[in-house]
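Just below is one structure, and these are the notes that go with it.
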Amino acid sequence: MEQSNIKGKHISINHVKKEYKIEKDNIQVLKDINLEIESGDIVSIIGGSGCGKSTLLRLIAGLEKPSDGTVSLDNVQVEKPSLDVGVLFQESRLLPWESAWKNILFGLPEGFDKKQGRELVDRYIKLVGLQGFEKALPSQLSGGMQKRVAIARTLINSPHVLLLDEPFGALDAFTKMNLQEEIVRIWKEQKMTTVLVTHDIDEAIFMGNKVIIMSAKPGVIKTVIDVELPEPRSRVGDDFEYIKKKVYKEFFGDNRVVEDYVI
């Protein structure tokens, strides 16, 4: 995927460990994670349940702190959440009593210039294709359209890093594919460093320039696979199947390819 005028931040994860205390026991979730994500890149993280991939995303976001090691953005250690990092969760988390327009406006910090805020909301309404639905309540929108509102609300601060935590898991296949393409399109335009956590191998390959495979108990980086596909990307064909076969071989230790398999 070609890039220019990159504004994303470099993510550096050095010897990160994460433990949780459960009753009297310390449970290690992440063990010695080392990872570099280049500024403006888009990467996918996959792994079985319990491997700590969502925990890793929360550490990058500053929502949690590592038990050991460091997470840095452009050589500045992450200590707390900031507007530099936008997070899109699986649940859209919209205010049910507010319109789509006001839900997007809600993403701006308190005290933001009102005129500029209105202009930004209108811009992001267009960016995610919600023209004509500005006044609709979340209950009047489909799941896919609610997700578009959540995407716009996350992007309105122009974050340098976008973190996606299984954002399309609850959607039907057709809507999911449309939104995958929308995120990639917006990434190409906005140039933010983007990290996607997913259980869906096809989604990981279609969206990411790299697929980072984690194994569990405790979570470690098993391998990183470069995704070299011609543009525009296709979900079918020999090139896609070749990458998919490599991912399966690393993940399962063999060469099987199962259609539409989700970890």
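The values are calculated or read from the model by the stated rules, or taken from the named source; none is laboratory data. All values reported here derive from a predicted model rather than from experimental measurement. Counting neighbours? That spans all protein chains shown, and the Cβs are built from the backbone with ideal geometry, glycine included. Note: accessible area is taken over every heavy atom of the protein model, side chains too, but ligands, DNA and RNA are not part of it. Shrake-Rupley method; radii C 1.70, N 1.55, O 1.52, S 1.80 Å.
Structure values in brief
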item	result
Lone unmet requirement of (1) assigned to a loop (DSSP other than H, G, I, E, B); (2) open to solvent by 10 Å² or more (accessible area, probe 1.4 Å); (3) within 16 Å of Ile45 (Cβ to Cβ) for Phe168	(2)
Set Lys217, Lys210, Lys244: member being at pLDDT 90 or above and under 23 Å from Leu57 (Cα atoms)	Lys210
Pair list, Cβ < 6 Å and 6+ apart or interchain, from the range 23-50 residues that are part of a strand (DSSP E or B) to residues that are open to solvent by 90 Å² or more (accessible area, probe 1.4 Å)	Asp32/His15
Residues satisfying the stated conditions in the range 209-223, i.e. within 17 Å of the chain's Cα centre (by Cα) and closer than 24 Å to His15 by Cβ	Lys210, Val211, Ile212, Ile213, Met214
Verdict on Lys115 being more than 22 Å from Lys191 (Cβ to Cβ), basic (Lys, Arg), over 18 Å from the mean Cα position of the chain (by Cα) and assigned to a helix (DSSP H, G or I)	yes
Qualifying positions in the range 203-239 - in a loop (DSSP other than H, G, I, E, B) and small (Gly, Ala, Ser)	Gly208, Ala216, Ser234, Gly237
Filter pass, Asp68 being open to solvent by 80 Å² or more (accessible area, probe 1.4 Å), in contact with a Lys or Arg (Cβ under 9 Å, 6 or more places away or on another chain) and modelled with pLDDT of 95 or more	yes
Residues located in the range 119-138, provided they are open to solvent by 80 Å² or more (accessible area, probe 1.4 Å) and either touching a strand residue (DSSP E or B) at 6+ places or on another chain (Cβ under 9 Å) or free of Cβ contacts under 8 Å to residues at least 12 places away in the same chain (or both)	Glu119, Arg123, Lys126, Gln131
Residue identified as of a type outside the set (Phe, Trp, Tyr) and farther than 25 Å from Ile60 by Cα among Glu110, Glu134, Glu79	Glu134
Among the candidates His10, His15, residue that is at pLDDT 95 or above and more than 20 Å from the chain's Cα centre (by Cα)	His15
Complete set of residues in the range 154-170 that are out of contact with any strand residue (DSSP E or B) (no Cβ under 6 Å at 6 or more places or on another chain) and at pLDDT 95 or above	His160
Yes/no for Lys115 being surrounded by 14 or more Cβ atoms within 10 Å (Cβ to Cβ), free of Cβ contacts under 8 Å to residues at least 12 places away in the same chain and more than 20 Å from Ile183 (Cα to Cα)	no
